[in-house]
Amino acid sequence: MSLSEKVTDIGGRLCSIISNQALVGEYGNIIGNGVCILSHATITCDVYLGDGTLINKAAIISHDAKVGRYCDISPGAKILGRTAIGDCTAIGTNAVLLPDVKVGSNCEVGAGAVVTKDVPPNTVR
């Protein structure tokens, strides 16, 4: 059982933290519980961020992207439009996910990678 499940089982609630220096668009974004968005990150519009996800410094998540629960988006990563990322996935520093790419759950995308095609679940790239 994860720590977040233990907290919610006893009636607790995860709360999100968004830096004053992050740029978060005002249109259509859905930010789950326990999300942490660090300084200089950019979240545009119509973005979904699942519970417990970490958006590191200077990461960019573009329009219509969906990031699953408990993901780690490293500093400088760029998640472009209409991209979908499954639960418990880590995107490395300065990695770029091109538009319309789907990355499965439990994946690791390496630092500096340029992802042009879908990545199946439980994969390291």
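The values are calculated or read from the model by the stated rules, or taken from the named source; none is laboratory data. The structure displayed is predicted, hence computed values, not measured ones. So basically every Cβ, Gly included, is an ideal-geometry build from the backbone, and we count neighbours across all protein chains shown. Only protein heavy atoms, including side chains, enter the accessible area calculation; ligands, DNA and RNA are left aside. Shrake-Rupley method; radii C 1.70, N 1.55, O 1.52, S 1.80 Å.
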Take the residues in region 10-37 that are over 22 Å from Asp64 (Cβ atoms) and touching a residue at least 24 places away in the same chain (Cβ under 8 Å), then tell me which one is least open to solvent (accessible area, probe 1.4 Å).
-> Gly34
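How many residues are open to solvent by less than 50 Å² (accessible area, probe 1.4 Å), outside any strand (DSSP E or B) and of a type in the set (A, V, I, L, M, F, W, C) when one looks only at region 38-57? Don't jump to the end; show me each part of the working.
Of the residues in region 38-57, the ones open to solvent by less than 50 Å² (accessible area, probe 1.4 Å) are 39, 41-45, 47, 49-53, 55-56.
Adding the requirement that they be outside any strand (DSSP E or B) leaves 39, 41, 44-45, 47, 50-53, 56.
Applying the additional criterion that residues be of a type in the set (A, V, I, L, M, F, W, C) yields 41, 45, 47.
Count: 3.
Mind checking which residues of region 23-37 are assigned to a loop (DSSP other than H, G, I, E, B) and either more than 14 Å from the chain's Cα centre (by Cα) or among the charged types (D, E, K, R) (or both)?
Initial filter on region 23-37 (assigned to a loop (DSSP other than H, G, I, E, B)): 25-29, 32-35.
The answer is Gly25, Glu26, Tyr27, Gly28.
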Scanning region 58-77 for residues that are within 16 Å of Ala22 (Cα to Cα) and outside any loop (DSSP other than H, G, I, E, B), which turns out farthest from the chain's Cα centre (by Cα)?
-> Ile60
Considering only region 58-69, state which residues are of a type outside the set (A, V, I, L, M), buried (at least 19 other Cβ atoms within 10 Å of the Cβ) and under 14 Å from Val103 (Cα atoms).
-> Gly68, Arg69
Taking the condition over 22 Å from Ile17 (Cα atoms) and in contact with an Asp or Glu (Cβ under 8 Å, 6 or more places away or on another chain), does Lys102 pass?
-> yes
In region 107-125, what residues are modelled with pLDDT of 95 or more, β-branched (Val, Ile, Thr) and part of a loop (DSSP other than H, G, I, E, B)?
-> Thr116
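Out of curiosity, is Asp72 surrounded by fewer than 21 Cβ atoms within 10 Å (Cβ to Cβ), within 24 Å of Ser2 (Cβ to Cβ) and acidic (Asp, Glu)? Walk me through it before giving the result.
Values: surrounded by fewer than 21 Cβ atoms within 10 Å (Cβ to Cβ): yes; within 24 Å of Ser2 (Cβ to Cβ): yes; acidic (Asp, Glu): yes.
Yes.
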State whether the residues of region 84-106 include one that is within 17 Å of Thr123 (Cα to Cα), among the polar types (S, T, N, Q), in a loop (DSSP other than H, G, I, E, B) and open to solvent by less than 50 Å² (accessible area, probe 1.4 Å).
-> yes
